[in-house]
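Just below is one structure, and these are the notes that go with it.
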Amino acid sequence: MDLLEKCRAYTRADETRDVGLYPFYPAFQGPAEGGQAVLDGAEVCMLGSSGYRALSVNAQVIGAAQDAIALYGTSATGSRLLSGNLDLHENLEADLADFFGYEAALVFSAGYMTNLGVVSALAGPGDQVFLDEKAHASLIDGARLAEASGAVMRQFAHNDPNDLARQLAAAPSTSSLVATDGVFSMEGDLAPVAELVAVCEEFGATLLVDDAHGVGVFGRGRGVVEQTGMRGRVPLMTLTFSKALASQGGAVLADAKTIDFLRHTSRPQIFSSGLSPADTAAAHAALREVRRHAEAEPDALAAAAYLRRALDALGYDVADSAGPVIPVRFPDQLSMLSAQRLLVEHGVYTNAVLPPAGEGHQLRIACTDAHTPDVLEAAIGVFASLREDLLPRYRQAA
Ligand SMILES: Cc1ncc(COP(=O)(O)O)c(C=O)c1O
């Protein structure tokens, strides 16, 4: 059979397109990170961005990226191993290590590449990788690559250190990597980092926390490892620059020997070009901003707490979550997609979550520092005005 036959037979996207409810690849005309964005020529309240600190529209961050282009050009034009290593990368790594309290850091060209490159380089023949069952796709794909070189991948129940302990106790291997998200991207819940540390220390396993969504938000900007008092006890931490740090790229933090090993063995690091000068400088400037305001609680947290309470009071099925992410559940896919569409038509953009990104039928709402009370009140007004359209769907399904 023709290899591309599966593409011609693929109808999933068309099924939602045909009924006018396709929610993906909206093309924004301008920044998607501020409180407002422009979609199809109309202003919408942006409740779908993970730019929690609204720094991609910050003057210092934009200026740093512009200066870097003027001084270094637009591309690193090579692998860092050979010709693409810039002092910009090394300066950022030094500040990351200092801020997060690790010996060293290594910058990759995406958060996805970071997890892929760290897990696949560290786990090999005879090793085991234990993943939280809701871990991000990049950790899963890293473990799949590790499997191809002889590691064994297992999953433990979501946020369940006891299940992890049971599995580690039964595991014959002594070298195990345990990996979890720090903040789960779709549900917004936090990993029980202290309990996972205790289990990993008991069984001699190495813990990796991917704090893509915690950095810049929790623990005085240092993420959930700091927030849970576990600084110094999580050997591997990864992060992305594409959320609160307003750029592209990612980094791993670890001891100096591990970072040196990854610099020379991690394939997404050595077989891909270095992060661009503009992205590197923007991430660095955003890190400086986060550090400068580290003692103040991010406005995004207060905004999310306010919006969560308001949606709950209006009768929406709001799942429990601690940070800027608010999952709103719907009884079925059609009601969720219809809600997403109606909200966009009334000027509020939220993310529709479908498998494999998440389970169930939910809208993922996220607040940022740009969600001032005025912006939020306007959005809450829309949710209130659509109650009569949206809420009967819960009752019909009940
Ligand atoms: C938990 C988590 N890890 C890693 C990534 C990948 O980050 P990036 O967008 O920089 O590739 C994401 C982003 O979607 C994420 O949510």
Q362, sole failed condition from (1) open to solvent by less than 60 Å² (accessible area, probe 1.4 Å); (2) more than 21 Å from the chain's Cα centre (by Cα); (3) farther than 30 Å from S120 by Cα:
(2)
Here are V234, V252: which of them is more than 30 Å from A379 (Cβ to Cβ), touching a Cys at 6+ places or on another chain (Cβ under 9 Å) and open to solvent by less than 20 Å² (accessible area, probe 1.4 Å)?
V234
Mind telling me which of the residues A191, A281 ends up being in contact with a helix residue (DSSP H, G or I) (Cβ under 7 Å, 6 or more places away or on another chain), farther than 30 Å from Q60 by Cβ and modelled with pLDDT of 95 or more?
A191
Residues that are open to solvent by 20 Å² or more (accessible area, probe 1.4 Å), at least 3 per element: which strands (runs of 3 or more DSSP E) completely within segment 132-227 meet that?
152-156
Residue that is farther than 15 Å from A105 by Cβ, within 20 Å of the chain's Cα centre (by Cα) and away from the ligand (no atom under 14 Å from the Cβ), where the choices are R233, R220
R220
What are the pairs with Cβ atoms under 8 angstrom where one residue, in segment 166-184, is within 16 Å of the ligand (Cβ to nearest atom) and the other, located anywhere, is of a type in the set (K, R) and modelled with pLDDT of 90 or more? Sequence gap at least six, or different chains.
D181/K134; F184/K134
Here's a check for you: in segment 93-119, which residue that is closer than 18 Å to R288 by Cα, assigned to a helix (DSSP H, G or I) and touching a strand residue (DSSP E or B) at 6+ places or on another chain (Cβ under 6 Å) is farthest from the ligand (Cβ to nearest atom)?
A97
Among the residues of segment 236-250, write down those that are over 16 Å from V197 (Cα atoms) and either over 13 Å from the mean Cα position of the chain (by Cα) or modelled with pLDDT under 95 (or both).
none
Please work out if S75 is closer than 25 Å to G111 by Cβ, out of contact with any helix residue (DSSP H, G or I) (no Cβ under 7 Å at 6 or more places or on another chain) and not assigned by TED's automatic domain parsing to the domain that holds H361.
yes
Hits in segment 68-92 (condition: open to solvent by 80 Å² or more (accessible area, probe 1.4 Å) and assigned to a loop (DSSP other than H, G, I, E, B)):
T74, T77, L81, L82, S83
What helices (runs of 4 or more DSSP H) completely inside segment 263-327 contain at least 2 residues that are among the small types (G, A, S) and open to solvent by less than 20 Å² (accessible area, probe 1.4 Å)?
277-292, 299-314
Being open to solvent by 20 Å² or more (accessible area, probe 1.4 Å) and either closer than 18 Å to L307 by Cβ or touching a helix residue (DSSP H, G or I) at 6+ places or on another chain (Cβ under 6 Å) (or both) narrows R53, R17 down to just R53
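The values are calculated or read from the model by the stated rules, or taken from the named source; none is laboratory data. Note that the structure is predicted; figures quoted are calculated from it, not measured. A quick note on method: Cβ atoms are made from the backbone with ideal geometry, for glycine too, and the neighbour counts reach across all protein chains shown. In case anyone asks, the SASA skips ligands and DNA or RNA and just uses the protein heavy atoms, side chains included. Shrake-Rupley method; radii C 1.70, N 1.55, O 1.52, S 1.80 Å.
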